[in-house]
Structure formats: C-alpha cells, structure tokens
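Some notes on the structure that comes next.
The values are calculated or read from the model by the stated rules, or taken from the named source; none is laboratory data. Since we're looking at a predicted model, the values are computed, not measured. Here the Cβ positions follow ideal geometry from the backbone for every residue, glycine too, while neighbour counts run over all protein chains shown. Note: accessible area is taken over every heavy atom of the protein model, side chains too, but ligands, DNA and RNA are not part of it. Shrake-Rupley method; radii C 1.70, N 1.55, O 1.52, S 1.80 Å.
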Amino acid sequence: EQHTGLNAGIAALFGILLGGIAIWVPPSTVAVALGIILIFLIILHSPEAGIISMIFALPFLSTMALVFLVVSTALAFFFKCCRSKRIMKFEGLDIFVALFALFLFSGGIISVDVASSFPKMLVYVCFISIYYIVKNAVRTETLIFSCARSLAASSMLVSFIGIFEYLFGEVSKNWQDAEMFTDIRGRAV
C-alpha cells in the first residue's frame, strides 16, 4: 500500500494548532472544549443519543449544561428532519404544550423586569421544546427501553451518592424544617 502522507500531515497540523492554542488557553480548557465538540458531533449523528444522555445526566448537570444538551439535541433532530431522516408529527396535546410555551414566552416579553425574566423564560421554553423532540424521536420499543435503562442507572447512581453522603459525608439541613423535624439529622441532597 502506498500512503500519501495526507493523514500524517493533517495530524501534524492538528497537533500544531492545539499546541498553539495551549499557549494562550490552559490545556484543561482545550480538553473540555474538545469534549464538548465530540459530544455535539455524537448528538448531531444521533439525536436519540442526546435524549438518552440527557435523561442520564439530568441530576448531575448544571442548568446551562442541560440547556446545551437540549439545544444540541433539538438542532440535531431539526437537521435530521430537514434531510428527511426523521419526521415530526403533531397531535392534539401538542397544541396545549405550544400554548403553554407561548404563555411563558409572552410572560418573559411583557414582564415588569424584562432583563431578569427574559433569560429565565428562554430556559423554560428550551426545556419545553424537548417534549416535541422526545415525543417524535423515541418511537421504538428499543429506544423506550434505552431511555428507561438510562433513567434507572441515573437514579441508582444518585441513590448511591445519597447513601454515601448520609453515611460518610456532611448531610444538609437546608431542605428540612428544623423546628418540626428535630429528630432528623439532615438530608442527603
């Protein structure tokens, strides 16, 4: 076999580029950015993978990281619909969900404090949009079971973390009424 050296040249250029970026940006930030790009490419290839990862990561991610997952999954599903690889169906219940999103959107627009309300409204509308994606993407029994397994694995991991916190860590009293429940020493949150 003859090799043109093109792959080696691309790899060398990629290494030079990453090395140059590392002069101004910490390597950990570059690694996180590459991880985010990889996650986005996986979701772009399969929006269903985005849904399953969203279900698993829900209790562990910050709100904005979850917004990233939702927007990435919605964009991937939209691109698949444009290429006729997925279809979007609307039913009667979808109208009420859209009306609810419209009310949230209008509430953010006509609020007394628009600067504070608008970003929160966008997050809520973003989270409502995932309803349409999940409803239209998760149509097979295999995907339903994958989502259920993801939910069960996430719940089990959260439970183990809670048990570990309760037995070995600091338990929080932030989420309990200390006057009414004096016999409870704390909650694992």
Inset, instruction - Exactly one condition in (1) open to solvent by less than 100 Å² (accessible area, probe 1.4 Å); (2) without any contact (Cβ under 8 Å) to a residue 40 or more places away in the chain is not met by VAL123; state its number. - result: (2)
Legend entry - Selection count where residues are among the small types (Gly, Ala, Ser), open to solvent by 50 Å² or more (accessible area, probe 1.4 Å) and closer than 17 Å to ILE130 by Cα, scope region 76-88: 0
Inset, instruction - May I ask you to say which residue of GLU48, GLU91 is out of contact with any strand residue (DSSP E or B) (no Cβ under 6 Å at 6 or more places or on another chain), open to solvent by 50 Å² or more (accessible area, probe 1.4 Å) and among the acidic types (Asp, Glu)? - result: GLU91
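Of SER106, SER111, SER117, which residue is modelled with pLDDT under 90 and either open to solvent by 100 Å² or more (accessible area, probe 1.4 Å) or assigned to a helix (DSSP H, G or I) (or both)?
Going through SER106, SER111, SER117 in turn, just one is modelled with pLDDT under 90 and either open to solvent by 100 Å² or more (accessible area, probe 1.4 Å) or assigned to a helix (DSSP H, G or I) (or both): SER117.
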Legend entry - Hey, ILE42 open to solvent by 40 Å² or more (accessible area, probe 1.4 Å), in contact (Cβ under 8 Å) with a residue 40 or more places away in the chain and either closer than 20 Å to LEU143 by Cβ or charged (D, E, K, R) (or both) or not: no
Inset, instruction - For THR73, work out the one condition from (1) open to solvent by less than 70 Å² (accessible area, probe 1.4 Å); (2) over 22 Å from the mean Cα position of the chain (by Cα); (3) of a type in the set (Val, Ile, Thr) it doesn't fulfil. - result: (2)
